[in-house]
Amino acid sequence: MLLDGGLPLAVVAKIMPCFTDQGGALDACVKGYLRDRLGTVDERIAALGQQRRTLQAIHELVDG
């Protein structure tokens, strides 16, 4: 799950000890990092959305 979330292996290694309840829960010690990471992903999504809109506008110019 951590790798699917795009976390680098070095971060996964640091987060693994934070799992509790035999891996069924995650300690709040990683909450700040995950919040920051979500913010970064949201920024990337917004930037890609803008790129797509720009490319779409250029494409429409070609189609006339």
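The values are calculated or read from the model by the stated rules, or taken from the named source; none is laboratory data. What you see is a predicted model, and the numbers here were worked out from it, not measured in a lab. Cβ: placed from backbone, ideal geometry, glycine included. Neighbour counts: every protein chain shown. Just the protein is used for accessible areas: all its heavy atoms, side chains included, with ligands, DNA and RNA removed. Shrake-Rupley method; radii C 1.70, N 1.55, O 1.52, S 1.80 Å.
Restricting to segment 16-40, name every residue that is in a helix (DSSP H, G or I), over 14 Å from L2 (Cβ atoms) and open to solvent by less than 70 Å² (accessible area, probe 1.4 Å).
Result: G32, G39, T40.
Conditions: (1) open to solvent by 60 Å² or more (accessible area, probe 1.4 Å); (2) outside any helix (DSSP H, G or I). G5 meets all but one. Number of the miss?
It is condition (1) that G5 fails.
Does at least one position in segment 6-25 carry a residue that is touching a helix residue (DSSP H, G or I) at 6+ places or on another chain (Cβ under 7 Å) and acidic (D, E)?
The answer is no; no qualifying residue exists.
Taking V62, is it among the β-branched types (V, I, T), exposed (fewer than 10 other Cβ atoms within 10 Å of the Cβ) and on the phi < 0 side of the Ramachandran plot?
Yes, satisfied.
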